[in-house]
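The next block holds one structure in the form of C-alpha cells; read it before the comments.
The values are calculated or read from the model by the stated rules, or taken from the named source; none is laboratory data. Keep in mind that what you see is a predicted model, and the values were worked out from it rather than measured. Virtual Cβ from ideal backbone geometry, glycine too; neighbours counted across all protein chains shown.
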Amino acid sequence: MIIVRPPLGLNAGAGLPHYLDDARLDTSALGLLVYLLSRPHGASVTVQEIAGRFACGVERIRSALNRLTAVGYIERPSRVGREQDGSFGPGSLIVREQVQR
C-alpha cells in the first residue's frame, strides 16, 4: 500500500478528521484507516506487516481493506505499486485521507 496524505498544515485547526465520524466504517476498518494514515506520506506497508502489528489474521485485515476500498478511502488503480520507471505495479493500494469518488 502507498500512503497519500495532504501537505502538513492543510487541515490545521479544522478539528478532528472527518473520517472519524464516517458511519460507513466499522471498528476494524476505522482502526486500520487511522493506522495507515499515521504512516508518513509515501510509506509502504504490507498486509502481513499490519496483521503482525495488530496480532490478527490476514483475512481480517483484507476484510477491513475491502471495506475501505468500497467506501473510497483506498484506491485500486489498474496500475499500482511504484516501479523503477515511476509507474504503479501489481498488488498495491493507494490509501487517501479523503474519499475518492
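Among residues of region 16-39 that are under 16 Å from Val58 (Cα atoms), those with a Cβ under 7 angstrom from a residue that is of a type in the set (D, E, K, R) and surrounded by fewer than 17 Cβ atoms within 10 Å (Cβ to Cβ), sequence gap 6+ or separate chain, pair up as Ser28/Arg60. Starting from region 54-68, keep only residues that are on the phi < 0 side of the Ramachandran plot and of a type in the set (D, E, K, R), then list their pairs with residues that are part of a helix (DSSP H, G or I) and modelled with pLDDT of 95 or more whose Cβ atoms are within a distance under 6 Å, requiring at least 6 positions of separation or different chains. What qualifies is Arg67/Ala29. Tallying residues that are charged (D, E, K, R) and within 13 Å of Val95 (Cβ to Cβ) within region 17-45 yields 1. Taking the conditions (1) at pLDDT below 95; (2) within 11 Å of the chain's Cα centre (by Cα) in turn, Gln84 satisfies each one other than (2).
Among the residues of region 1-58, those that are closer than 18 Å to Gly72 by Cα, modelled with pLDDT of 90 or more, surrounded by 13 or more Cβ atoms within 10 Å (Cβ to Cβ) and hydrophobic (A, V, I, L, M, F, W, C) comprise Leu25, Ala29, Leu30, Leu32, Leu33, Val34, Leu36, Leu37.
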